[in-house]
Amino acid sequence: MDLRKIKTLIDLVSESNVAELEITEAEGTVRIVKSLPAGNPAAPQVHYAAAPAPQNVTPVVATAPEVVSVAAPATAISTNHMLKAPMVGTFYTSSSPEAKPFVNVGDAVKQGQTVCIIEAMKIMNEIEADKSGTIMKILAESAQGVEYGQPLFEIA
């Protein structure tokens, strides 16, 4: 789990009435417990545990071999550049609901060109393309929340 994400969670627990928070992700579990240690009464304690190790399993001998085929979902891994959200906020494709979008799929963009807006704390932040190219996909829905580091656009 990203250190910045953990620090944000610690701050949220410190400033709220929540006494305990536990989040489990693929790479492990983070548990934040607010307690009152002697030196710092408002500092929460953080417990970080790695993903549990698999239990030792005794193999069972089968009488006849069995062939099982499991098809994994087909997900194409793109080699295109991903423009990611530089902050948490609300994603907008245009400057107002009735205005046309800054960019559409298939549009050519230049580095520094405004491609969307992310609203954070009532401030509209113009997000610029960090690479020149063609917009292949728009990966976020307008007027929806986005997280820090979330892919917004695929640029080829």
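The values are calculated or read from the model by the stated rules, or taken from the named source; none is laboratory data. All figures in this text were calculated on a predicted structure; none of them were measured in a lab. Methodologically, a virtual Cβ is constructed for each residue, glycine included, from the backbone with ideal geometry; neighbour enumeration extends over all protein chains shown.
Remark: Pro97 falls outside the filter, which requires a residue to be surrounded by 14 or more Cβ atoms within 10 Å (Cβ to Cβ) and out of contact with any Ser or Thr (no Cβ under 8 Å at 6 or more places or on another chain).
Scanning the range 88-101 for residues that are assigned to a loop (DSSP other than H, G, I, E, B), closer than 23 Å to Met136 by Cβ and within 23 Å of the chain's Cα centre (by Cα) turns up Thr93, Ser94.
Those residues that are of a type outside the set (A, V, I, L, M), part of a loop (DSSP other than H, G, I, E, B) and surrounded by 14 or more Cβ atoms within 10 Å (Cβ to Cβ), I need them from the range 114-156; list them, please. Break it down into steps so the answer makes sense when it comes.
Initial filter on the range 114-156 (of a type outside the set (A, V, I, L, M)): 114, 116, 119, 122, 125-126, 128, 130-134, 137, 141-142, 144-145, 147-151, 153-154.
Filter once more, so that each one left must be part of a loop (DSSP other than H, G, I, E, B): 122, 130-132, 141-142, 147-150.
Scanning the range 114-156 gives Asp130, Lys131, Ser142, Tyr148, Gly149, Gln150.
With respect to the conditions (1) at pLDDT 95 or above; (2) on the phi < 0 side of the Ramachandran plot, Gly106 falls short on a single one, namely (2).
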